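All remarks here apply to the structure that follows.
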Amino acid sequence: MSKKTNYSYVGITFIILVFGIIFIPKIIDRVSEGDIIRDESRSKDVSTSDLKTKTAKKNKSDLAYLEINGAPKKVPAFSFTNQNGETITNDDYIGKVYVVEFFFTTCPTICPIMSRNLVAVQNQFNGLKDFGIASFTISPEIDTPEVLKAYAEKYNVTNPNWHFLTGNEIEIYKLANEGFNLYTAKDPNVEGGFEHSGNFALIDKEGYIRSRTDDFGNPKIFYNGLISEEAGVDEDGIPQEITILKEDIAKLLKE
């Protein structure tokens, strides 16, 4: 081996030695002070984050959001008086899955069917603190808290989160037509003097309107509250449309 080669090895060895003396102590100090995080620590953090993401996706149901102009439709703020004279707002339903209807106690046609169907829903989820129902009267002049309380007793309402709500007429109609997209109007030419949707809206724990999709992937949006037993019932004698609603409520309760 030539002298030139020996000099090269000596030079390289000298450089490595200098690097170790100068830089290794500094690296050790930075690690001990937390400036440098070891790879396994970062890998652990990423894995935990991924796990949380996967869990959230797993708990999310396949129910769609009602979208307006490309954005999920959220229930607007409201404040009304219930059958017990208490002020109930949309905040009282946060953290709860709930069903919404618009009705009036003197309704001679569709409201009794809707009320019976909602009682069946109530009984399915009896005792659950995170389930509720909101029934807004469209005849607030007649439907005072006292009248609503008697109506609730007539239908054997037992869920403490089932509120029959009354208040300012203009605000109620705005909430129905714009807030929930459920048609409501006065009409002296129809029986009972009011026209209103017989549909139910389903709201998730965060206040968004949800529903399942049809065979084409489009949101169902609302649930028909007028389906009677004559239109087909399940094995328990409950209208099939209400059975669908109960299934979707159960999905949202697990989210």
Out of (1) open to solvent by 60 Å² or more (accessible area, probe 1.4 Å); (2) without any contact (Cβ under 8 Å) to a residue 12 or more places away in the chain; (3) not small (G, A, S), the one E191 does not meet is (2)
Could you please find all residues in region 106-161 being over 27 Å from the mean Cα position of the chain (by Cα) and among the hydroxyl-bearing types (S, T, Y)?
T106, T109, S139, T144, Y151
Within region 130-147, is there a residue that is farther than 15 Å from T106 by Cβ, open to solvent by 40 Å² or more (accessible area, probe 1.4 Å) and modelled with pLDDT of 95 or more?
yes
Which of (1) free of Cβ contacts under 8 Å to residues at least 12 places away in the same chain; (2) open to solvent by 40 Å² or more (accessible area, probe 1.4 Å) is the odd one out, the single condition T81 does not satisfy?
(1)
All positions within region 200-223 that are open to solvent by 50 Å² or more (accessible area, probe 1.4 Å) and of a type in the set (S, T, N, Q)
T213, N218
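The values are calculated or read from the model by the stated rules, or taken from the named source; none is laboratory data. The model shown is predicted, which means the values in this text are computed figures rather than measured ones. Cβ sites come from the backbone with ideal geometry, for glycine too, and all protein chains shown count toward neighbours. In case anyone asks, the SASA skips ligands and DNA or RNA and just uses the protein heavy atoms, side chains included. Shrake-Rupley method; radii C 1.70, N 1.55, O 1.52, S 1.80 Å.
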